[in-house]
Amino acid sequence: MFITRLFTLYPEMFPGPLSEGLFAKAIENKLWKLENIDIRKYSSDKNLKVDDTPYGGGSGMLIKPDVIGSALDNNVVKGEKVIFLTPRGKIFNQKIAKELSSEKVVNIICGRFEGIDQRVIETRNIEEYSIGDFILSGGETAAFVFIDAILRLLPGVLGNENSTKEESFENGLLEYPQYTKPQIWEEKEVPNVLLSGDHAKIKHWRLSQSEAITRDRRPDLWQKYNKKN
Ligand code: SAH
């Protein structure tokens with residue numbers, strides 16, 4: 001069973017969207033478990049304060065290292081991955097999701113305010129990941145995205161294992177256009193080749209569509225793909 005252990009100041013936000021559909025089934029089939037750790041419980045302050053002002057000045061507050069350190073030390077088992085979600089992290093992608101899906105336990109810290117004290121990141125061997133070049137108000141929404149991407153790669157979570165193999169990013173390209181019934185909708189027809197039953201031709205058409213879309217929308221991916229092929 002894959003375990004995600006979340007460190008958050010808002011434990012009541014979870015499982016939230018991670019309790020529906022595929023995820024509900026993953027829990028029911030004991031493929032995945034979510035453990036929720038309330039960071040505030042590890043404050044030694046009588047008012048359960050968790051944050052303080054940054055040294056050197058500047059706006060906002062930071063989560064204190066003693067609080068987050070104690071939360072980690074009381075829950076993380078040696079050898080487990082610990083991840084801090086932060087816009088300063090390496091950009092999260094499908095490849096990283098796949099790597100993480102083969103771990104037994106992934107610990108995830110959700111930041112709030114301006115983030116966490118740098119010393120915890122260094123002493124607790126924490127890896128930093130960002131879900132994109134924008135700023136969220138907290139790591140919780142990033143965690144939904146992060147966990148969703150990993151869970152659907154766990155064996156048995158998606159009904160059809162093959163469906164992840166054909167998706168965008170799997171071969172370094174974006175996905176080709178897809179069509180379903182009806183064959184004619186608002187006078188627009190499904191591309192003929194898809195009705196041909198000729199699997200080699202369909203495969204070729206899909207690849208060329210994938211290539212054209214990737215070249216047009218994602219020059220960064222296109223360049224990498226070209227180098228590889
Ligand atoms: N001062 C920070 C931003 C803090 S945003 C900076 O400039 O880098 C508050 C919290 O939201 C962060 O600690 C982080 O946990 C989360 N967060 C915001 N944007 C994120 C993103 N793009 N990816 C992952 N986590 C993010």
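The values are calculated or read from the model by the stated rules, or taken from the named source; none is laboratory data. This one's a predicted model, so the numbers in the text were calculated from it and none came from an experiment. Positions of Cβ are generated from backbone atoms using ideal geometry, with glycine treated the same way; all protein chains shown enter the neighbour counts.
Details
- So Gly139, is it on the phi < 0 side of the Ramachandran plot, among the small types (Gly, Ala, Ser) and modelled with pLDDT of 95 or more: yes
- Figure legend. Inter-residue proximity from the stretch 97-120: first residues closer than 18 Å to Asn75 by Cα, second residues of a type in the set (Lys, Arg), beta-carbon distance below 8 Å, spacing 6+ or different chains. Indicated pairs: Glu103/Lys81; Val105/Arg5; Val105/Lys81; Val106/Arg5; Val106/Lys81; Asn107/Arg5; Asn107/Lys81; Ile108/Arg5.
- If only residues of the stretch 97-112 that are surrounded by fewer than 17 Cβ atoms within 10 Å (Cβ to Cβ) and more than 12 Å from the chain's Cα centre (by Cα) are counted, the one that is nearest to the ligand (Cβ to nearest atom) is Glu103.
- Matching residues, the stretch 122-137, being within 11 Å of the ligand (Cβ to nearest atom) and out of contact with any strand residue (DSSP E or B) (no Cβ under 6 Å at 6 or more places or on another chain): Ile131, Gly132, Asp133, Phe134, Leu136, Ser137
Residue by residue, here is whether (1) surrounded by 12 or more Cβ atoms within 10 Å (Cβ to Cβ); (2) within 16 Å of the ligand (Cβ to nearest atom); (3) among the aliphatic types (A, V, I, L, M) holds:
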| residue | (1), (2), (3) |
| --- | --- |
| Phe144 | yes, yes, no |
| Asp148 | yes, yes, no |
| Leu151 | yes, no, yes |
| Lys165 | no, no, no |
| Glu170 | yes, no, no |
| Pro182 | no, no, no |
| Ile202 | yes, no, yes |
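- Of all residues in the stretch 1-38 being assigned to a helix (DSSP H, G or I) and aliphatic (A, V, I, L, M), the one that is nearest to Gly156 (Cα to Cα): Ala26
- Filtered residue count, the stretch 83-96, keeping only those that are buried (at least 20 other Cβ atoms within 10 Å of the Cβ) and either more than 8 Å from the ligand (Cβ to nearest atom) or among the acidic types (Asp, Glu) (or both): 1
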